[in-house]
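Chemist: Have a look at this one.
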Amino acid sequence: MCTDPATDGTVAAAMPRPAVGPAADPITLEPVDEVTVTTLVDNVYDALLTSDDTITRAPLAAGTAQAPQFEPGRTHVGLIAEHGFSALVTARRGATTTPVLFDTGLSPEAMVTNAGRLGIDLSGVHAIVLSHGHFDHAGGLAGLAGRQGTRSLPMVVHPLVWTRRRLALPGGRADDWPTLSKGALTSEGFEVIERRQPSLVAGGSILITGEVDRTTDFEHGMPPTHQHWTGTTWEPDPLVLDDQALVVNVRGKGLVIVTGCGHAGAINIVRHAQRLTGVPRLHALLGGLHLSGAYFTPTIGPTVHALTELAPDLLAPGHCTGWRAQHTLAAALPDSWIQGSSGTRYQLTAS
């Protein structure tokens with residue numbers, strides 16, 4: 001998907017354009033006393049990473065499993081890492097705590113397995129938000145469906161989340177990707193809510209951005225090999241218009257933004273959140289930034305430059321960010337950058 005180098009023609013075809021639908025006026029995002037982001041699924045699981053006052057890492061032994069090769073017939077297990085992303089975002093205002101599940105990972109079992117090993121009860125989740133329709137962010141819905149607490153659980157999605165997509169391969173071949181089924185989700189008891197515009201949940205303390213305005217001149221979206229079905233033909237799908245993020249305003253600190261893949265562009269997302277909320281300060285950015293592969297290499301430099309100017313207190317890129325972008329970000333923002341890992345809990349508290 002991301003190994004083809006960009007050309008002038010492909011870049012021009014994928015140039016940013018205004019988001020479809022009416023622009024949203026600034027809205028009031030209620031400040032929170034604390035937000036906790038727990039990464040349930042990420043591409044990496046490193047049990048030797050260390051914790052500090054605000055970051056808690058998962059233990060090396062997150063559980064046990066039967067293993068007759070060991071005495072007394074069991075061995076320790078860690079957490080699952082896979083090409084996917086899922087985070088539990090919990091906002092606290094006073095004595096009110098509201099957890100929201102943002103994406104669910106790739107496989108049916110990884111998210112629920114990791115949550116169980118971390119001692120997290122997903123039955124108390126207030127709502128589910130899908131960042132976009134790619135299968136590596138929605139696969140865990142199969143493992144969650146039918147469990148206690150999921151009946152009538154609200155699920156907020158962009159209307160284009162049902163888009164049929166594929167990856168065009170050399171030689172005229174194609175890799176058709178799994179497509180979410182609204183009917184199947186509804187029959188499982190999920191209350192599907194489609195919105196292009198921003199939404200407030202958790203008593204107004206968590207913002208779902210809705211469709212993100214594309215305003216930068218360097219974030220061009222996906223390569224032409226990423227395609228969508230129009231109903232009659234396959235066409236390039238550079239913008240992934242269903243991409244959205246979660247935003248929380250920590251009192252006295254600024255915005256905490258969680259992305260799934262960041263297909264809209266990390267800087268587009270940050271600026272969109274700033275415009276919607278009227279809060280200029282970026283406190284933390286966590287999640288996938290999709291800067292992996294040759295096609296995205298030209299985007300790394302201006303993205304890092306813009307993030308350096310934004311100077312977040314915490315930068316925890318994961319999932320599809322890519323090793324080259326990770327190293328560049330770590331070098332440019334050594335006091336902010338944190339290695340992500342499945343099972344990591346970030347606790348950000350108001351000043």
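Chemist: Report the gain in length on full extension from Glu235 to Ala332: 0.36 nm times residue separation, minus Cα-Cα distance, nm rounded to one decimal.
Modeler: That works out to 31.2 nm of additional length.
Chemist: What are the trypsin sites (Lys or Arg not before Pro) within the stretch 74-152 that DSSP puts in a loop, where the Cβ has at most 14 other Cβ atoms within 10 Å?
Modeler: Arg147, Arg151
Chemist: Can you give me the distance in nm between label points at Lys182 and Ala142, each placed 7 Å from the Cα along the Cα-to-Cβ direction?
Modeler: For the pair Lys182/Ala142, the computed spacing is 2.2 nm.
Chemist: Something else: Could you work out how much longer the chain between Ser152 and Asp53 gets when fully extended? Use 0.36 nm per residue separation minus the Cα distance between them, nm to one decimal.
Modeler: So the extension gain works out to 32.0 nm.
Chemist: Express the relative contact order of the stretch 181-275 as a whole percentage, based on alpha carbon pairs under 8 Å and six or more residues apart in sequence.
Modeler: 26 percent
Chemist: For a quick check, take a GNM of the chain with Cα springs below 10 Å and name the residue from Thr303, Thr64, Thr113 with the largest mean-square fluctuation.
Modeler: Thr64
Chemist: Could you check what % of the DSSP bridge pairs in the chain are antiparallel, to the nearest 5?
Modeler: The answer is about 70 percent antiparallel.
Chemist: Please report, in cubic angstrom per residue, the volume enclosed by the convex hull of the alpha-carbon atoms of the stretch 208-293.
Modeler: Given the Cα convex hull of the stretch 208-293, per-residue volume reads 94 Å³.
Chemist: In the chain, carbon and sulfur make up what percent of the accessible area (probe 1.4 Å)?
Modeler: 54 percent
Chemist: With springs only between Cα atoms under 10 Å apart, run a GNM on the chain and tell me which of Asp313, Asp175, Asp42 wobbles the most.
Modeler: Evaluated over the chain, the most mobile residue of the options is Asp175.
Chemist: Nearest-5 percent of antiparallel DSSP beta bridges in the stretch 191-316?
Modeler: Rounded to the nearest five, the antiparallel share is 60 percent.
Chemist: Only Cα pairs under 8 Å and at least 6 apart count here; give the relative contact order of the chain as a rounded whole percent.
Modeler: It comes to 23 percent, rounded to a whole number.
Chemist: If each DSSP helix of 4+ residues adds -39,500 (n - 2.57) and the sum is divided by the residues in the chain, what number results at 222 nm, nearest 500 deg cm²/dmol?
Modeler: The helix contribution divided over the chain gives -4500 deg cm²/dmol.
Chemist: Sticking with this structure for a sec: In percent, what relative contact order does the stretch 205-351 have, based on Cα pairs under 8 Å that are 6 or more apart in sequence?
Modeler: 21 percent
Chemist: Accessible area per residue of the chain at 1.4 Å probe, in Å²?
Modeler: Here the residues of the chain average 41 Å² of exposed surface.
Chemist: Computed over the Cα atoms, what is the radius of gyration of the stretch 271-351 divided by 2.2 N^0.38 Å, N being its residue count?
Modeler: Normalised Cα radius of gyration, the stretch 271-351: 1.10.
Chemist: Using a Gaussian network for the chain with springs between C-alpha atoms less than 10 Å apart, which of these wobbles most: Ala138, Ala294, Ala273?
Modeler: Comparing Ala138, Ala294, Ala273 in a Gaussian network model of the chain, the most mobile one is Ala294.
Chemist: Arg324 versus Glu191, label points 7 Å from Cα toward the beta carbon: distance in nm?
Modeler: With each label placed 7 Å out from Cα toward Cβ, I get 4.6 nm.
Chemist: What are the equivalent ellipsoid semi-axes of the chain, built from the alpha-carbon gyration tensor (square roots of five times its eigenvalues), in whole angstrom, biggest first?
Modeler: The answer is 29, 24, 22 Å, longest axis first.
Chemist: Could I ask something else about it? Distance in nm between label sites at Phe70 and Asp175, each 7 Å beyond Cα in the beta-carbon direction?
Modeler: That separation, rounded to one decimal, is 3.3 nm.
The values are calculated or read from the model by the stated rules, or taken from the named source; none is laboratory data. From a predicted model like this one, the values you see are computed outputs, not experimental measurements. FYI the Cβ positions are ideal-geometry reconstructions off the backbone, even for glycines, and counts take in every protein chain you see. Calculation scope for accessible area: heavy atoms of the full protein, side chains included, ligands and nucleic acids excluded. Shrake-Rupley method; radii C 1.70, N 1.55, O 1.52, S 1.80 Å.
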